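Q: This structure is in C-alpha cells; I'll ask about it shortly.
The values are calculated or read from the model by the stated rules, or taken from the named source; none is laboratory data. Keep in mind that this is a model prediction, so the values were computed, not measured. All Cβ positions, glycine included, derive from the backbone under ideal geometry; neighbour counts span all protein chains shown.
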Amino acid sequence: MSTASYAQRISRPIGWWGMAVFVAGEAMVFGALLVTYFHLRIRNNPWPPHGVPEPKVAVPLFLTGVLVSTSGAMQYALVRARRGFASDARFALLIALTLQVTYLALQLHFFVDDLSKFSPSATSYGSIYFTLVGAHHAHVFVGVVLTAWILLRLVRGITSYRLVGLSAITWYWHFVNALAIIVTLVQVSPSL
Amino acid sequence: MLIRTQLAGANGKVLGPDAYNQAMTMHGVTMIFFFIVPIGIGAFGNYLIPLMIGARDMAFPRMNALSYWIFLASGLFLYSSVFLGKAPNCGWFCYTPLNTRQFDPGLNVDFYALGLIFNGISSTAGAINLIVTVFKLRAPGMSLNRMPLFAYAILAVSFSLVFALPVLTVDLLFLELQRKAGFHFFDVAHGGDPLLWQHLFWFFGHPEVYIIILPAMGIATSIIPTFAKRKMIAFPLVALAELLVAFIGFGVWAHHMFATGIATAQLIFFAGASMMVVIPSTIQIFAWLFTVNLGKPDFRAPLLFIGGFIALFVIGGLSGIMFAAIPFDQATTDSYFVVAHFHFIIFGAAVFPLLGGMYYWFPKVTGRMYHEGWAKASFWVTFVGTMLTFFPMHIVGLLGMTRRIYTYAPGLGWEAYNLAETIGSFLLTVGLLMVFGNLLWSRFRGVPSGPDPFYGGTLEWATTSPPPHYNFAVIPIVRSPYPNWDREDREDDVRRFERGQLVLESGHETPASTVRDGVLDEVLEMPSESGWPILLAFALSIVFIMLLTTHYVIAGIFIAISALILAAWHLKEPAEE
C-alpha cells in the first residue's frame, strides 16, 4: 500500500476536520460574546450610554469589505496550489496578506482612538464593545500569522502536507471573515 | 471526607467556615473538572476509542500529548492554590457578586477562573482529537451504523465539550476582566447584569452534566451486551438517544435558575425542555434492561456495577424530573435535596460505570484478571455506602437543611440523618479502597487473562492483552457492529496478515476512511513522538502564572514563545513518497 496523494483522496483530510471542529468551538466564543452584547443592550437605555460617542459606520463597513475580499484571494491560492501552480498561489497569498495586515493596522489605530474617547471600565457598553471588537482583532491577528507562515512554507514548493495546511488556513479565514461581517454590523448597529 | 466529618454532628469544629468553603469548592471543582471528565473521556475515551474502531492511534497523537501535559499543568496550577491557602472558595459555580473583588479580594477566585480556562484548553484539544478520530480513523467497513455505541457516546460528549466550553471560557474571561481591569459585566451599578454570569455559566454547566454522564452510558452499553451475550436491542435508537441527550442538554440551562426571577415564558420553556430529557434517557434504560432480560445474563462484577448504575440513575433521574416541575424546584432550591439529586447522578450514575468499566477492561489493559469474589464484595459495599451517604440527603433537604452550610444548630432533627450520611461516606471509602486494592493486587498477582476473557463483541477484544503499541498487527475489516463476534472476518484478518495485506508494517501508519461509509481512503503516516508538546504546555503554564500575578508583559512574551514553539513543532514535515 502506498500513500494516496492529495489528488486521489476522496474525502477531506483529518487536518481539515480538525480545523472545522476548532472553528465550530470558536463560533461559540463569538456566540457568547454577541449574546452578551444584546443581553446588556436590552437592559440599558440609551445604548450607547450618555457621554459615549455613537460608533462610526462608513469606515468599519468599508474595512470589513476589504477584509472579506481576501477570502477570494485565499480560495484562489488554494485552488491554484492544488493544481500545482506554486507561484500563482504565493502571489495570491501575498495580496491577501497585504490586505489583512493593512486592515489590522487600521483597525488597531481606530481601537486605540476609541479607547481615548471612552473607557471599557466606565460602562457595560464599553466593556462589551472593547471585548467583542478586541476578540475579533485577536482572531484576525492569528489569521495574519497563519497566512504569513503558510506563505513562507510555500516558498519551498508544494507538498501534500502544506496543501492540507493551506486548506485549513483558508477555512479559518472564511470563518474569520464571516465573523467580521457579523461583528461589524453589531458594532455599528446603534448608529443605524 | 472532611466535609462529612464536619457535618456528622451539630456545631462541628473540624473545619472553620473559610476552610469549609475552600474544601467544598475544591471538592466540586476537582470532581467535575479534574476527576470525572478526565477519567471518563481522557482515560477511557483515549485508550478505548482507537482500539474499538480498529485504529492504531488517535488522529493527532502530538495534540493528544499536548492535551495531557496541559491537563497536568492546569491541575498543578489549581492545586498550588491549596498550599498557598488561597484555594477557590466560591462554590463550583462561583456566582457573582460573591466572586467580585469587593467580596472576595484574594487570589482565590483568580485561581478558579484562570485554572479552568487553562483546563479548558486541554479538554477542547482532547475533544477535537476524539471527534476527528471517530470520524476519520475507523477501520475499513465500519460505516456509521456499525460504529460501537461507546464511540457514539464519546462523540456526543466531545461535541458537547467543543460547543459548551467556549461559553464557560468567555464567562470566566468576563470575570477576570471585571476583577483585574475593572470592566463591568455583572454589576448593576454600571449597567451590567449578575444574571449574565449565571446564564453563561449554566449554558456550559448543564451540557457539562451530560458530558459527565455520557461516558458512563457508553460504558454501560459496552458491558451489557458482553455479559448478556447478545447484541444491544434497538441499537440505532440507543445511538440516537446518546446524541439526543447531548443535544437537548443545550436547551435546559435555565432550569438551574428557576428561583432567580426570570420571565414565566422562559421558565415554562426550560421546564418543558428539561422534561424532554426523560425521553432519550428512558429509551436507553429500557434498551439496557431488555437486553439483559432477553439475553443470558452472567452477573459478574462489571454487570453488577451496571445494575447498580441503573438503579441509582433511576432514583437520581426521578428526583430530577421533580425539579423540572417549577413550583417544586422553587421550594427545594439550594437545599440538600438538590445535593442528593446530583450526587445520585454524578456519583451513582457516573462513577459506578467507571468502576465497572475499570474491572471490565482491566484484563485488556494489564493482561491479568481481577479477583471476582472481592470485586463482587466491593460492589455491595460501595452500593450500600452510596445509598447510606446520599439517600438521607433527600430527607434532610425536605426538612429544610440548606446546602453549603459548614455547621448547624442542634435540635433541628438533622443530626441522625447527617450521622448516617457520615457513616455511609466512610463505608463508601472502604468500598472504593476495596476496588483499588483488588486492581492493584491483580496487577501483579492476577491470573493471565488471554486476549478475550469475556468474549466481548467490539474490536478491542480482537487484539492481544495488553495491546501492542500499534494496537493491531493487521488492520481489521468490519462488517457488523459487533465485529469480534464475526469469527470468519477475524479469521480473514489472520489470513490477510499472512499474505501481508493491510499490515502497514513500515513506520507509524494507520488507514483513514470516509466519514459516513467507512470506505478506506488513504494511509496516514503518523507523526513521531516529539518534545514540543510538553514545552508548549510549560510555556503556557508560565503565561497563566503571570496572568495570575498580573505580570502582563511577561505573559505576552511567553505567548509569543508559545507561538514559536508551535512553529517549530510544525517545521518538520512527513516525508513525501
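Q: Can you say whether B:Phe558 is farther than 23 Å from B:Pro50 by Cβ, more than 12 Å from chain A (Cβ to nearest Cβ), free of Cβ contacts under 8 Å to residues at least 24 places away in the same chain and not small (Gly, Ala, Ser), as far as the supplied structure shows?
A: In short, yes.
Residues are listed down the side, and each one gets a yes or a no for (1) out of contact with any Pro (no Cβ under 9 Å at 6 or more places or on another chain); (2) surrounded by fewer than 20 Cβ atoms within 10 Å (Cβ to Cβ):
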position: B:Phe309; (1), (2): no, no
position: B:Gly320; (1), (2): yes, no
position: B:Ile326; (1), (2): yes, yes
position: B:Asp329; (1), (2): yes, no
position: B:Tyr359; (1), (2): no, no
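Q: Have a look at B:His199, B:His184 and point out the one that is over 20 Å from the mean Cα position of the chain (by Cα) and in contact (Cβ under 8 Å) with a residue 12 or more places away in the chain.
A: B:His199
Q: Among the residues of region A:175-192, is any among the small types (Gly, Ala, Ser), modelled with pLDDT under 95 and either surrounded by fewer than 19 Cβ atoms within 10 Å (Cβ to Cβ) or touching a Ser or Thr at 6+ places or on another chain (Cβ under 9 Å) (or both)?
A: Yes: region A:175-192 contains one or more residues that are among the small types (Gly, Ala, Ser), modelled with pLDDT under 95 and either surrounded by fewer than 19 Cβ atoms within 10 Å (Cβ to Cβ) or touching a Ser or Thr at 6+ places or on another chain (Cβ under 9 Å) (or both).
Q: So B:Val167 passes all but one of these: (1) within 9 Å of chain A (Cβ to nearest Cβ); (2) surrounded by fewer than 24 Cβ atoms within 10 Å (Cβ to Cβ); (3) over 17 Å from B:Val245 (Cβ atoms); (4) of a type outside the set (Asp, Glu). Which condition number does it fail?
A: (2)
Q: Residues being within 10 Å of chain A (Cβ to nearest Cβ), among the hydrophobic types (A, V, I, L, M, F, W, C) and either out of contact with any Gly (no Cβ under 7 Å at 6 or more places or on another chain) or more than 26 Å from B:Ile121 (Cα to Cα) (or both): count how many of those fall in region B:170-188.
A: Qualifying residue count, region B:170-188: 7.
Q: Residue by residue through region B:548-572, note down the ones that are over 31 Å from the mean Cα position of the chain (by Cα) and part of a helix (DSSP H, G or I).
A: Scanning region B:548-572 gives B:Tyr552, B:Val553, B:Ile554, B:Gly556, B:Ile557, B:Ala560, B:Ile561, B:Leu564, B:Ala567, B:Ala568.
Q: Within region A:115-133, is there a residue that is more than 14 Å from every other protein chain (Cβ to nearest Cβ) and either of a type in the set (A, V, I, L, M, F, W, C) or surrounded by fewer than 21 Cβ atoms within 10 Å (Cβ to Cβ) (or both)?
A: Yes, some residue in region A:115-133 is more than 14 Å from every other protein chain (Cβ to nearest Cβ) and either of a type in the set (A, V, I, L, M, F, W, C) or surrounded by fewer than 21 Cβ atoms within 10 Å (Cβ to Cβ) (or both).
Q: Another question, if that's okay. So which of B:Tyr408, B:Tyr417, B:Tyr370 ends up being closer than 30 Å to B:Ala331 by Cβ, among the aromatic types (Phe, Trp, Tyr) and in a loop (DSSP other than H, G, I, E, B)?
A: B:Tyr408
Q: I've got another one for you. Can you go through A:Val164, A:Val145, A:Val112, A:Val155 and tell me which one is surrounded by fewer than 21 Cβ atoms within 10 Å (Cβ to Cβ) and within 10 Å of another protein chain (Cβ to nearest Cβ)?
A: It is A:Val145.
Yes or no, residue by residue, for (1) in contact (Cβ under 8 Å) with a residue 12 or more places away in the chain; (2) among the charged types (D, E, K, R); (3) over 28 Å from B:Ile154 (Cα atoms):
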| position | (1), (2), (3) |
| --- | --- |
| B:Phe347 | yes, no, no |
| B:Gly356 | yes, no, no |
| B:Ser378 | yes, no, no |
| B:Pro392 | yes, no, yes |
| B:Ile395 | yes, no, yes |
| B:Glu415 | yes, yes, yes |
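Q: Give all pairs with beta carbons closer than 9 Å in which a residue from region B:464-481 that is free of Cβ contacts under 8 Å to residues at least 24 places away in the same chain and within 20 Å of B:Pro61 (Cβ to Cβ) meets a residue that is part of a loop (DSSP other than H, G, I, E, B) and among the basic types (Lys, Arg); count only pairs at least 6 apart in sequence or on separate chains.
A: B:His469/B:Arg56
Q: With (1) away from chain A (no Cβ under 12 Å); (2) free of Cβ contacts under 8 Å to residues at least 12 places away in the same chain; (3) of a type in the set (A, V, I, L, M, F, W, C) as the list, and B:Leu564 as the residue in question, which single condition is left unmet?
A: Here B:Leu564 clears every test but (1).
Q: Does any residue of region A:36-44 turn out to be of a type in the set (S, T, N, Q) and within 14 Å of chain B (Cβ to nearest Cβ)?
A: Within region A:36-44, one or more residues are of a type in the set (S, T, N, Q) and within 14 Å of chain B (Cβ to nearest Cβ).
Q: For region B:135-148, enumerate the residues that are under 20 Å from B:Asn471 (Cβ atoms) and either at pLDDT 95 or above or more than 11 Å from every other protein chain (Cβ to nearest Cβ) (or both).
A: B:Arg138, B:Ala139, B:Pro140, B:Gly141, B:Met142, B:Arg146, B:Met147, B:Pro148 - these are the residues of region B:135-148 that are under 20 Å from B:Asn471 (Cβ atoms) and either at pLDDT 95 or above or more than 11 Å from every other protein chain (Cβ to nearest Cβ) (or both).
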